[in-house]
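None of the figures in this text is laboratory data; all of them are computed from the coordinates on show. Quantities reported herein were computed from a predicted structural model and do not represent experimental measurements. Glycine gets a Cβ as well: all are built from the backbone with ideal geometry, and neighbour counts include every protein chain shown.
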């Protein structure tokens, strides 16, 4: 009975988090505004107006990939987590705080990418990514510390791999933040590359936590 109660608690936390990820990733597209007829050039053609929105497309793609990678890795670590506690919930809430905030720096970056104030927008953009990476690291560190919240019989190799990923993730995003002081474009491209890397790196493998997954499937 206790084990089933604990699994239900983790399922509730993951389901709530999935909803937050879904809302945040959907809000990103609201930063891309449809060109108005009055904004078209002398020829009245839509193509050039759409091309001018390329900073918005770049910012959208980067944040979409980042939130998606966060969701993939969040789902992955929950395949190992058996139980929760109050500190874990607060760490998870902190991560979701930065995830829900991401549409703002995304829109800010897109609006100021070609403006003299682009550096400030780039710092806010990359800084948000650093904060979310640190929150993710804190979440995993608390969950995996001495195996306190992890399921039994988990693959130690998977745990070490996730730990290494969250150890170096914040450092890599700090590099992107530092790069934004020199080149905002290069910083954004680096953030996009990191999102793609961590997204694919976070796909669950066949060595996951089969016992917990099997128990979840068996529960009605």
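Before moving on, here are some points about what is shown:
- Theoretical gain in end-to-end length, residue 181 to residue 89 [0.36 nm per residue, Cα-Cα removed]: 29.7 nm
- Spin-label pair residue 157-residue 29: with each label point 7 Å from Cα along the Cα-Cβ axis, the two points sit 4.0 nm from one another.
- Rounded to the nearest 10 degrees, the angle from helix 184-201 to the longest Cα principal axis of the chain is 30 degrees.
- Within a Gaussian network of the chain (alpha carbon springs, distance under 10 Å), most fluctuating of 30, 149, 97: 30
- Sequence of 26, 100 once ranked by neighbouring C-beta atoms within 10 Å, starting from the fewest: 26, 100
- Look at the alpha carbon pairs under 8 Å that are at least 6 residues apart: their mean separation over the length of the chain gives a relative contact order of 28 percent.
- Taking label points 7 Å from Cα along the Cα-to-Cβ direction, residue 200 and residue 174 give a separation of 2.7 nm.
- Estimated from helical segments only, the mean residue ellipticity of the chain at 222 nm is -25000 deg cm²/dmol, where each DSSP H run of four or more residues counts as -39500 (n - 2.57).
- Degrees separating the helix 86-101 axis from the principal Cα axis of the chain, which is the longest one: 20
- Acute angle (nearest 10 degrees) that the helix 118-144 long axis makes with the longest principal axis of the chain, alpha-carbon atoms: 10
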